[in-house]
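Below is one structure, written out as structure tokens; comments come after it.
The values are calculated or read from the model by the stated rules, or taken from the named source; none is laboratory data. Please read all numbers here as calculations on a predicted model, not as lab measurements. A quick note on method: Cβ atoms are made from the backbone with ideal geometry, for glycine too, and the neighbour counts reach across all protein chains shown. Just so you know, the surface numbers come from the protein's heavy atoms only, side chains and all, with ligands and any DNA or RNA stripped out. Shrake-Rupley method; radii C 1.70, N 1.55, O 1.52, S 1.80 Å.
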Amino acid sequence: GVQELPAATENDIYPSTHPTPNTQVPKRNMTDNREGPTNPLVTAMLTDLYQITMTYAHWSNKRHEDDAVFELFFRKNPFNGEFTIFAGLDECLRHLNTFSFSDDDIDYLKTMPALQHCDPEFFVWLRNLDTTGVTVYAMRDGTMAFPRVPLMIIESPLAIGQLLETTFLTLVNFPSLLTTNAARMVRAARLSASDHVAPPICVEFGLRRAQGPDGGFSASKYSYVGGFAGTSNVQAGKMIPGLSVSGTHAHAFVQAFSSLKEAEQCDVVSKINENDKVSLLPKVLEYRKKLAETVDSTFARTNDGELAAFVAYAAAFPNTFLCLIDTYDTLSSGTLNFLLVALVLDDLGYKPVGVRLDSGDLAYLSKGCVETFRRIVPDRDFVAQLKIVASNDINEDVLYSLGEQGHAIDIFGIGTNLVTCQKQPALGCVYKLVEIEGQPRMKLSQEIAKVLIPQRKRAYRLYGKDGVPILDLMVSTNEPVPEAGQAIVCRHPFIDRKRARVTPSKVEPLHHKVFSDKQVVRGGNNDLAGARDRAASELEIFRQDILRASNPTPYKVSISNTLFEYFHKLWQKETPMAEYS
């Protein structure tokens, strides 16, 4: 429970056309065969120049081996929300696994104007630098995270800790942002469903709109952590075990056909009689004539080229027949042509999968498709199983709007707004020095939000009797670990009067040792599937008012009373006192 203290002062993804191989990410060409970063651009050289100039200054002043503690965190949740899902630790650990400067790297650094005056011995030292002495504590991938709580804590010699900054930030910022964006979209999609309808799933379609190949791959990978059911990205499917790859055809496939003659050679082996090879077009045209005469004369006027394309596609993929139906007219041609081919496939023992919408009023058209299915073929079992996929510039706001309007969409294919994080393109993680040689360090600012909470610390999540998190508490490492059943005074980091006494029913450590002694700690981090499961479970247990899209409630992040008092004492000590006369 929470006891307020008196104020101290006044105030199913649709089937893929091919199975997905579970191929492991290829290993870097390292002599010890350690698994390196997925992207070969991620090396010790993927850093800002000032990290190397600072390192040289520390080396020159013989401070490069000083014990230092850095923290990586963010100050504000993205997308006007009140939660973030941490991701990217896996690639940070891969980077640590293979961190080193090559001879070629050193040769290039020696040519840089900013470094040409450096002592040659510095480059010898840099060439031999490795992760000796580096220990990393971190949240596990998929963990719900909040402002100021460290995502990663790096305890290391000063020089290498500094050299890791830029690389760690680029490996954490986008994955965490993308995972959070994906999770918000998955939640919006599920909330858009009617009570009697299975929640829609989301599939990532954004490779062609992503910021380059790495942006596209990262989107495929981390949208999966955020709850997406799969991707269209074949390369990602090859490299990421368990990631489903899906896709059918584009408008160009339909446009490639202009007459029924182009489908005359299309046949399928019957599942009912495996010795029977059936020519599809004659049977499709029989249904077309019959339905035009008995059900809807519009069947006689559907686009012939589109129908030929659907017949050809069915011949190639009879087991996964799903068509894009909006090339010409969704309800007057595409839906009807799909049904004509679907009926023949059903007669032959196949189960058509469904249709995709890529333009127009998705709510109206999806409901129109369902109504047409039921009206035209009310007596076929496969009709109830047909899926409707929608993929027209969908974002979180569109998903909520569709929920308000009502729709019949089973699968959302989401591209641009997911992979570019169009609503907010950067998370804004920072990497700060909080302690050196056992002495806490802090950064002051005119903006309270940028004042750094000093000292080596750990974070714990405190749960109430109902199993719901109450708050995250940061304590210094020399304090006792919080325990369930024991009252703890929790303080707002900056506002003296905001405090509460919390008696948690459960205390969960948020930081785990993930790297030590030049080795990744086995079991320290989640694998990709574990990160996905963690994110999903966190979204279930946190209060819904924290997760909601409109006016969410901020989640409490507190510090211990001991840390609060030390922090504010140091703050006063480090702040110059103004003098007036």
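Miscellaneous remarks
- Residue-level analysis places Ala536 among those that are part of a helix (DSSP H, G or I), of a type outside the set (D, E, K, R), under 18 Å from Arg190 (Cα atoms) and open to solvent by less than 60 Å² (accessible area, probe 1.4 Å).
- Checked against the criterion of being assigned to a helix (DSSP H, G or I) and out of contact with any helix residue (DSSP H, G or I) (no Cβ under 8 Å at 6 or more places or on another chain), segment 424-441 has no qualifying residue.
- Selection status of Pro282, modelled with pLDDT under 95 and either within 26 Å of the chain's Cα centre (by Cα) or open to solvent by 50 Å² or more (accessible area, probe 1.4 Å) (or both): no
- Test: Gly227 is open to solvent by 10 Å² or more (accessible area, probe 1.4 Å) and within 16 Å of Ile414 (Cβ to Cβ): yes
- With respect to (1) on the phi > 0 side of the Ramachandran plot; (2) modelled with pLDDT of 95 or more, the lone exception for Thr503 is condition (1).
- Of the residues in segment 500-513, not one is within 20 Å of Pro454 (Cβ to Cβ) and open to solvent by 60 Å² or more (accessible area, probe 1.4 Å).
- Among all positions in segment 482-491, there is no residue which is assigned to a helix (DSSP H, G or I) and either open to solvent by less than 30 Å² (accessible area, probe 1.4 Å) or under 22 Å from Phe567 (Cα atoms) (or both).
- Taking segment 443-453 as the range and being part of a loop (DSSP other than H, G, I, E, B), more than 22 Å from Lys513 (Cβ to Cβ) and in contact with a Lys or Arg (Cβ under 9 Å, 6 or more places away or on another chain) as the test, the residues that pass are Lys443, Leu444, Val451, Leu452.
- In segment 115-128, the residues that are under 38 Å from the mean Cα position of the chain (by Cα) and either within 16 Å of Thr166 (Cβ to Cβ) or open to solvent by less than 10 Å² (accessible area, probe 1.4 Å) (or both): Leu126
- Being over 30 Å from Asp545 (Cβ atoms) and assigned to a strand (DSSP E or B) is a property that Glu479 lacks.
- Filter result (of a type in the set (Asp, Glu) and either within 30 Å of Gln422 (Cβ to Cβ) or touching a Ser or Thr at 6+ places or on another chain (Cβ under 9 Å) (or both)) within segment 377-399: Asp393, Glu396, Asp397
- Total residues in segment 189-217 satisfying the condition of being in contact with a Pro (Cβ under 6 Å, 6 or more places away or on another chain) and closer than 19 Å to Ser232 by Cα: the figure is 1.
- Subset of segment 157-176 (residues that are open to solvent by 30 Å² or more (accessible area, probe 1.4 Å) and not hydrophobic (A, V, I, L, M, F, W, C)): Thr170, Asn173
- Asn233 meets the conditions (1) open to solvent by 20 Å² or more (accessible area, probe 1.4 Å); (2) modelled with pLDDT of 95 or more in every case but one. The failed one is (1).
- Some residue of segment 383-401 being buried (at least 16 other Cβ atoms within 10 Å of the Cβ), among the β-branched types (Val, Ile, Thr), touching a helix residue (DSSP H, G or I) at 6+ places or on another chain (Cβ under 8 Å) and over 30 Å from Arg187 (Cα atoms): no
- Residue that is part of a loop (DSSP other than H, G, I, E, B), among the polar types (S, T, N, Q) and touching a strand residue (DSSP E or B) at 6+ places or on another chain (Cβ under 9 Å), where the choices are Asn525, Asn551: Asn525
- Meets criteria (buried (at least 18 other Cβ atoms within 10 Å of the Cβ), in contact with a Pro (Cβ under 7 Å, 6 or more places away or on another chain) and modelled with pLDDT of 95 or more) for Ala312: no
Yes/no matrix, rows are residues, columns are (1) at pLDDT 95 or above; (2) assigned to a helix (DSSP H, G or I); (3) among the aliphatic types (A, V, I, L, M); (4) crowded, with 22+ Cβ neighbours inside 10 Å:
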residue: Ala87; (1), (2), (3), (4): yes, no, yes, yes
residue: Leu96; (1), (2), (3), (4): yes, yes, yes, yes
residue: Asp105; (1), (2), (3), (4): yes, yes, no, no
residue: Leu109; (1), (2), (3), (4): yes, yes, yes, no
residue: Asp130; (1), (2), (3), (4): yes, no, no, no
residue: Val136; (1), (2), (3), (4): yes, no, yes, yes
residue: Arg140; (1), (2), (3), (4): yes, no, no, no
residue: Pro150; (1), (2), (3), (4): yes, no, no, yes
residue: Glu155; (1), (2), (3), (4): yes, no, no, no
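- Of Leu339, Leu322, all but one fail to be touching a helix residue (DSSP H, G or I) at 6+ places or on another chain (Cβ under 6 Å) and open to solvent by less than 10 Å² (accessible area, probe 1.4 Å); the exception is Leu339.
- Residue list for segment 65-84, filter: open to solvent by less than 30 Å² (accessible area, probe 1.4 Å) and assigned to a loop (DSSP other than H, G, I, E, B): Asp66, Phe74, Asn77, Pro78, Phe79, Gly81, Phe83
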